[in-house]
Amino acid sequence: MTSETNQEFNFYEDELIDEKIAAQQTAIEKEIANEQKLVGDLIELNTLLNEYLAEDTVYRSKITELSERFRYMRKTRGDGNCFFRAFAFRYFETLMGKPDEINKLKDLVNKFTSDLSQLGYNSFTVDDFKDVFIEELEKLNNTSDIRLLEEIFNNSGSSDYIVVFLRLIVSCYLQNNSDFYLAFLETYQSMKDFCSHEVEPMYRESDHIHIIALTNALEIPVGIIYLDRADQEKATPHNFPDDSNPNIFILYRPGHYDIIYRN
Amino acid sequence: MTTTARRRLMRDFKRLQDDPPVGVSGAPTDNNIMLWNAVIFGPHDTPFEDGTFKLTLVFTEEYPNKPPTVRFVSKMFHPNVYADGGICLDILQNRWSPTYDVSAILTSIQSLLHDPNPNSPANNEAGQLFRENKREYEKRVQQIVQESWLDDSDEESDQNKADAPK
């Protein structure tokens, strides 16, 4: 009897710990939100030097070298959505004032929406995200005013809905091509299981598989530049797909993605 | 100001009215769209049959990016429900998808009632009885079914005040 009471007590304690962790998590998120806009202003890439100590020669020399090829960058908030948000901002930026390309993307968006519905997703909620995605996209038809794009991506309502929809596209693409992508999974038994834990929930960080799936689904190549402590002279580029010639570049530092602009 | 969370909750409510799922109901409280009351009717052919279980759903401005906090207000005896009514259900935690709406949340909780997950125990005693002594488990569930008819509304509104976001 005593042991049973103890166990019950422990379960209640577990729950209290869950709540404490959740509260701490919220506090950390607020701090990050105060420090960094969802998508930051255009800044010079070599300002990154300020983030590293003078002795940190690996990073410093790689940054100096990189800033000769990529002069400008935008930082994104480190909330786990940074890859999707960085990609979306830069992709939308390349579409500004190009109604033909915007229409092509709209067709693709509609295709994925109907694929999702065939996979059994709730059309009522999927349409909500799709509608906002298309609504914001259409605002870019006849403008090249970057302030509009900055506004769209720094309004958490529209910005997060765009991220949700890209996550749904990735989930849909992976489920419909699971024969190929299943080989990439380590801890999950099924693609559905992987997507519902690692793709669809917001704030879940992106890995290679997310990047490969998104670039293949949208047929938009991306260059990821890896900036880390690896013993090389230059930050290492990796194009997705391998043989592509991307216009969109993203800087990866362990755990985080920012937008960078090639000269 | 209409935020995405509030707009989406209005739409969730409309869908719940236009296309009501069997055995669940829910609505925002009069003065606060972020706080909902809901009722789940115990599913047929389960020990929970005929129970009317009240719940509260507390949403934040991050909805639907983040799930609401859902609690049973009515007393519950179930392997995956904590003593304070909190629910241990993956879609309300690490498997949350922004495509779930209130209707999907309530129907998932309803199916959890007749299909407990023994791997995530929140009530050890209920979990143990469910595994080892079905007869006693059903007896204990039937007690809370009867209690669910007696819930008085004063208690419920006190609970709401306690849960409401500041």
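Values quoted throughout were computed directly from the atomic coordinates according to the rules given, and no laboratory measurement underlies them. Bear in mind that the values here come from a model prediction, so they are computed numbers and not experimental data. Ideal geometry is used to build each Cβ from the backbone, glycine not excepted, and the neighbour counts take in all protein chains shown.
Only DSSP H runs of four or more residues enter the estimate; each adds -39500 (n - 2.57), and after division by the residues of the protein assembly as shown the mean residue ellipticity at 222 nm equals -15500 deg cm²/dmol.
Note on B:88-96: average number of Cβ atoms from other chains within 10 Å of each residue's Cβ is 3.
The order of A:D127, A:D107, going from fewest to most other C-beta atoms within 10 Å of their C-beta, is A:D107, A:D127.
Across the range A:165-263 the C-alpha pair distances fall into 5 Å bins from zero in the proportions 2, 12, 21, 22, 20, 14, 7, 2, 0 percent.
Only lysine pairs 8 or more places apart, or on different chains, with alpha-carbon atoms under 18 angstrom apart are counted in chain B, and they number 5. The count of lysine pairs in the range A:16-106 with alpha-carbon distances below 29 Å, taking only pairs 8 or more places apart or on different chains, stands at 12. Couplings for the range A:179-184, taken from phi via the Karplus curve 6.51 cos²θ - 1.76 cosθ + 1.60 with θ = phi - 60°, read 3, 6, 7, 4, 5, 7 Hz in order; Gly and Pro are left as x. For the range B:4-153, pairs of C-alpha atoms spaced more than 21 angstrom apart make up 42 percent of the total.
Here the dipole of chain B is about 580 debye; that uses its Cα centre as origin and unit charges on the Cβ of Lys and Arg (positive) and Asp and Glu (negative).
Taken over the C-alpha atoms, the range B:38-113 has Rg and Dmax values of 12.2, 38 angstrom.
Taking every DSSP bridge with both residues inside the range A:43-262, close to 75 percent are antiparallel. For chain A, averaging the sequence separation of C-alpha pairs within contact (under 8 Å, six or more residues apart) and dividing by the residue count gives a relative contact order of 24 percent.
Computing FRET efficiency as 1/(1 + (r/R0)^6) for B:Q93 and A:N247, where r is the C-beta to C-beta distance and R0 is 51 Å, gives about 0.85. One equal scatterer on each Cα of the protein assembly as shown, no solvent, Debye formula: the resulting log10 I(q)/I(0) at q = 0.12, 0.13 Å⁻¹ is -1.06, -1.18. Just so you know, the Rg over Rh for the range A:43-262 is 0.97, from Cα atoms, with Rh as the Kirkwood radius. The calculated FRET efficiency for the pair B:N32 and A:E29, based on their C-beta separation and a Förster distance of 35 Å, comes to about 0.90.
The range B:29-83 and the range A:240-260 have Cα centres spaced 43 Å apart.
Averaged over B:58-68, how many beta carbons belonging to a partner chain fall within 10 Å of each residue's beta carbon? Rounded to a whole number, the mean comes out at 3.
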